[in-house]
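Heads up: the structure comes next, in structure tokens.
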Amino acid sequence: MKHKRQMGVYALLLACVLLLCLWIWKFPVKQQKRVYKIGVCVYDLDDSFMKSMTEELEQALETQVSADLPVRYEVLDANGSDNVQQKQIQYLLKQDCDVLVLNLVQADSAADSLNQARSRDIPVILFNREPDEMDLQIGEKVWYVGTDGQAAGALQATMLREAWDSRHIDKNQNGTLDYILIEGEQSHYDTIRRTNAFLSETGKNLPMNQLASLSADWARQRAAEQLGTLSEQKLREAEAIVCNNDDMALGAYDFYQRKGWDSPLILGINKTQAMQQRIDDGEIYGTVDINPSQQVHLICQLINQTAAGTSVQQKIWYAEPLAYKTVNK
């Protein structure tokens, strides 16, 4: 009898074990989510605009990329060196990143990196430094996010026209606007587009007299140094200084401050934090906000679409530029 009871207990235990195994087998096992690897290359984090935009992009990668898509990203700074950046891109390619987000040092030499990414079937989102449109045709998974340089330059012209009409900046009363132009890198597409659009638009409706054209490679200190090469007569005659970006505009402001002279009307492009502060204080006239927040949103939108395998036909995605100017000067 005792033996039969023991056998019954064993049978019951065995039945329980079998039922437990069956339950575990049928219960859905939670799958480990795949991590989406994003490689970000930035041309130079000493550039105040790029530093600010990169910080905003990092925050957005944590919040704007789909909650169903865990991401891991790495940001690399080329410190303005094309050679350094090419090595960084090679490193990211070897890491089998799922997408590359590139702010190129040399936007006109994008083809090699794009061809290598295409051979590995890695999507590439170029941003802020616009490449040749032909390079965007290298593969189906290549896009550019930025602000149209021509639109930014044209908006500078509109702002200058408004100042001419309302602020009486013709100090010498000669009927022309005497100005100095400070450009970025000479061969850079943004330099060319911003400058050409500005000159074209002002030429239509403003009496312009260019006192000098300088190149300062986007840099604040370089802009101040280049102004120092001009004669005092030209510097004092200048009624406006128009710059391809904010750092150079701030360099112009620095130069006049050091001289102790009243600065001309100054215009930039980017709307960096330092520039905004000067504008809000009424010390600098204005800038073109190239809308980095919208650019970041567009980058994240493209990342989500690449991760979902969605085909994106549109190659160029522009954020809308906005005028930002002081009300005091």
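The values are calculated or read from the model by the stated rules, or taken from the named source; none is laboratory data. On a predicted model such as this, the values are computed, not experimentally measured, just so you know. Neighbour counts run over all protein chains shown; Cβ positions are idealised from the backbone, glycine included.
Kindly establish whether ALA238 is touching a helix residue (DSSP H, G or I) at 6+ places or on another chain (Cβ under 8 Å) and not charged (D, E, K, R).
Judged against the criteria, ALA238 is not a match.
Quick grid of which residues meet (1) at pLDDT 85 or above; (2) in contact with a strand residue (DSSP E or B) (Cβ under 7 Å, 6 or more places away or on another chain):
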| site | (1), (2) |
| --- | --- |
| LEU13 | no, no |
| LYS26 | no, no |
| VAL42 | yes, yes |
| LYS51 | yes, no |
| ASP68 | no, no |
| GLN88 | yes, yes |
| LYS94 | yes, no |
| LEU104 | yes, yes |
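Taking segment 206-225, which residues are under 30 Å from GLN173 (Cβ atoms) and touching a residue at least 60 places away in the same chain (Cβ under 8 Å)?
Selection gives nothing.
Among the residues of segment 205-235, which ones are touching a helix residue (DSSP H, G or I) at 6+ places or on another chain (Cβ under 8 Å) and more than 30 Å from LEU45 (Cβ to Cβ)?
ASN205, LEU206, MET208, LEU211, ALA212, LEU235
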